[in-house]
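A quick write-up on the structure given underneath.
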Amino acid sequence: MVYRQMYDAVIVGSGPNGLAAAIVLAQAGYSVQVLEAKDTPGGGCRSRELTLPGFVHDVCSAIHPLAFASPFFRTLPLEQHGLRWIHPPVAVVHPLDDGTVMLLKRSIQGTAATLGNDAQRYERFMGGLVSHWDEVADAFLGPLRPTLFRHPLALMPFGLPALTSARWLAEHRFSDKRTRALLAGLCAHAFLPLEQVTSAAPGLMLAMVGHVSGWPVPQGGSQSIIRALQAYLRVLGGEVVTDKEVTSTDDLPSARVVLFDVTPRQLLRIAGQRFPAHYVRGLERFRYGPGVFKLDYALDGPVPWRSAECLLAGTVHLGGTFDEIALSERQIWQGIDPVHPYVLVAQQSLFDATRAPLGKHTLWVYCHVPRGSTFDMTERVEDQIERFAPGFRERIIARHAMNTVDMELYNANYVGGDINGGVLDLRQLFTRPVPRLDPYSTPAKDIYLCSSSTPPGGGVHGMCGYFAAQSALRLLRS
């Protein structure tokens, strides 16, 4: 392929946000090149045979509620470029030791039926939130902007409880241990102590999207999302160049604007000399969150869950009661590798036959650990799985483990194993990476940031890239 000597825009990094930014700019008629350091595009959205031939594992992201519901991705013809979504019968299951199982289903009523004494309370509460999903998604899947206040009454049912802690929400809104445990598993996706304000917000968002559109699996692996984005970008005339690591601005081709799908640490390393001292100090103060310990399994059969309902879901939350999960999430912020970790499990091969040889299965698993931890959590994670699936270890054919160091080597954006692009608390929710009216712009007028270190943060949704590209378009059109 013959590449141009001059581009309207160059994007550094080919994760979902980088490709989303490239597509927005290419749709507007501008010439775009995407540079990727690794040999394949994808960032946190790649799939590989990590254990044995024929077993396709998602290296990082696996289940994609926000990708399917993304306001931007939903406007793209990704299905025309090979993306196929599979919807498990149940989005999430959360088993308890006594055999009780909570199910997050598309149906609010179906979910409520698994929540005991809280059934009617959950129906009223969640029904009120879901009825305003479009307004909530528009407001909170992006930066602070005037349009946030177009529908204040519609946003209040979500906004007020979202500002509370997961513990306050669980204990003041609900009384049944089942509902509280289900909320803990959802809210713990935030990597925050469940006693911290705003820790309720991610859990409420994930519950809402589960009811609105489910937690689907991309057929063939998470890489299928990237292939579809890349294919559509090529139709628009955009280019993707792999094996091209950018270590300084000298490595970049000529371009009118450059958008970086990287975190503040890499941005400083590459382009820090272009910024004034106050902005450099702001980026240096950016806070990264806890890390993950990741395990992928090749299995000779499905996980032998004690509760058969667990086989209906793409995602399983393990950790027991609210208090147990809250303890493990609090410990990681204290620098302690939890003895009884909160464990997230995805069992894509139950619903996608392309993931494993006939009769075999894959299993995707991770737990939260202190940032930079190198402790081997394999035994502790497997103990948690065995707790709810006796005999699990006997199903293991092969395993592949990645600690926080391995995660950062795989993707430089995962600083210390942080897969969220930085702490998602009140201080860094809308003001990431630093407080600016336009968080995607920098003091260097031709440099923009489009990674998950900008609003709305982590997740495969492309909205960071979408809004960063909108910001860059203002300069390109001027």
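The values are calculated or read from the model by the stated rules, or taken from the named source; none is laboratory data. Please read these numbers as outputs of a predicted model, since none were measured by experiment. Cβ sites come from the backbone with ideal geometry, for glycine too, and all protein chains shown count toward neighbours. Side chains included, ligands, DNA and RNA excluded: accessible areas come from the protein's heavy atoms. Shrake-Rupley method; radii C 1.70, N 1.55, O 1.52, S 1.80 Å.
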- Express the Stokes-Einstein translational diffusion coefficient of the stretch 88-182 in µm² s⁻¹, to the nearest whole number, given a Kirkwood radius over alpha-carbon pairs, 25 °C and a viscosity of 0.890 mPa s. 168
- Calculated from backbone phi, Karplus (6.51, -1.76, 1.60) coupling profile of the stretch 81-87 in Hz, x at Gly/Pro: 10, x, 7, 10, 9, 10, 10
- Query: What does a probe at Glu394 reach in the stretch 286-308, counting residues whose amide N is under 20 Å from the point 7 Å along Cα→Cβ?
  - Reply: 297-308
- Given H placed on each backbone N at 1.01 Å, which residues far from Ala255 in sequence or on other chains put an amide H within less than 5 Å of it? Tyr7
- Query: If you roll a 1.4 Å probe over the chain with all protein chains in place, what percent of the accessible area is carbon or sulfur?
  - Reply: 53
- Query: Residue-wise, which Karplus ³J(HN,Hα) couplings in Hz belong to the stretch 238-246, taking 6.51 cos²θ - 1.76 cosθ + 1.60, θ = phi - 60°, and x for glycine or proline?
  - Reply: x, 10, 10, 10, 9, 6, 10, 7, 9
- Note on the structure: Using eta = 1.306 mPa s and T = 10 °C, Stokes-Einstein with Kirkwood Rh from Cα pairs puts D for the stretch 131-173, in µm² s⁻¹, at 142
- Can you spot the lysines whose alpha carbon is less than 30 Å from Lys105's alpha carbon? Ignore those fewer than 8 places along the same chain. Lys177, Lys294, Lys360
- Query: At 222 nm, what helix-only mean residue ellipticity would the chain give, in deg cm²/dmol to the nearest 500, using -39500 (n - 2.57) for each DSSP H run of four or more?
  - Reply: -9500 deg cm²/dmol
- State the Cα centre-to-centre distance between the stretch 129-202 and the stretch 41-72 in whole Å. 26
- Ranked packing of 100-108, 175-183, most packed first, by mean Cβ within 10 Å: 175-183, 100-108
- Query: Over what distance in Å are the Cα centres of the stretch 97-126 and the stretch 464-478 separated?
  - Reply: 42
- Item | Between the stretch 4-30 and the stretch 313-355, the alpha-carbon center distance in angstrom | 36
- Item | trypsin sites (Lys or Arg not before Pro) restricted to DSSP loop in the stretch 248-345 with at most 12 other C-beta within 10 Å | Arg285
- Could you do me a favour and compute the accessible area per residue for the chain, 1.4 Å probe, result in Å²? 37
- Query: Given labels modelled 7 Å from the Cα in the Cβ direction, how far is it in nm from Arg427 to Ala353?
  - Reply: 5.2
- Task: Would you mind putting 45-54, 199-208, 87-96 in packing order, based on average other-beta-carbon counts within 10 Å, highest first?
- Result: 199-208, 87-96, 45-54
- Message: Taking Cα extents along the principal axes in Å straight from the coordinates, which label in [x] 64, 53, 43; [y] 88, 51, 40; [z] 83, 50, 48 is the correct one?
- Response: [x]
- Over the stretch 179-309, what lengths in whole Å, largest first, do the semi-axes of the equivalent ellipsoid take, defined as the square roots of 5 times the eigenvalues of the alpha-carbon gyration tensor? 36, 25, 16
- Item | Residue-by-residue Karplus 3J(HN,Hα) for the stretch 220-232, coefficients 6.51, -1.76, 1.60, Hz, glycine and proline x | x, x, 4, 4, 4, 5, 5, 4, 5, 4, 5, 5, 5
- Note on the structure: In Å, the C-alpha Rg and Dmax of the stretch 1-154 are 20.7, 66
- Under 5 Å from the placed amide H of Thr114, counting only residues 5+ away or on other chains, we find Leu103
- Item | Using alpha-carbon coordinates, inclination of helix 152-162 to the longest axis of the chain, degrees | 60
- Measure off 7 Å from each Cα along the Cα-to-Cβ vector at His172 and Gln273, then give the distance between these two points in nanometres to one decimal. 5.3
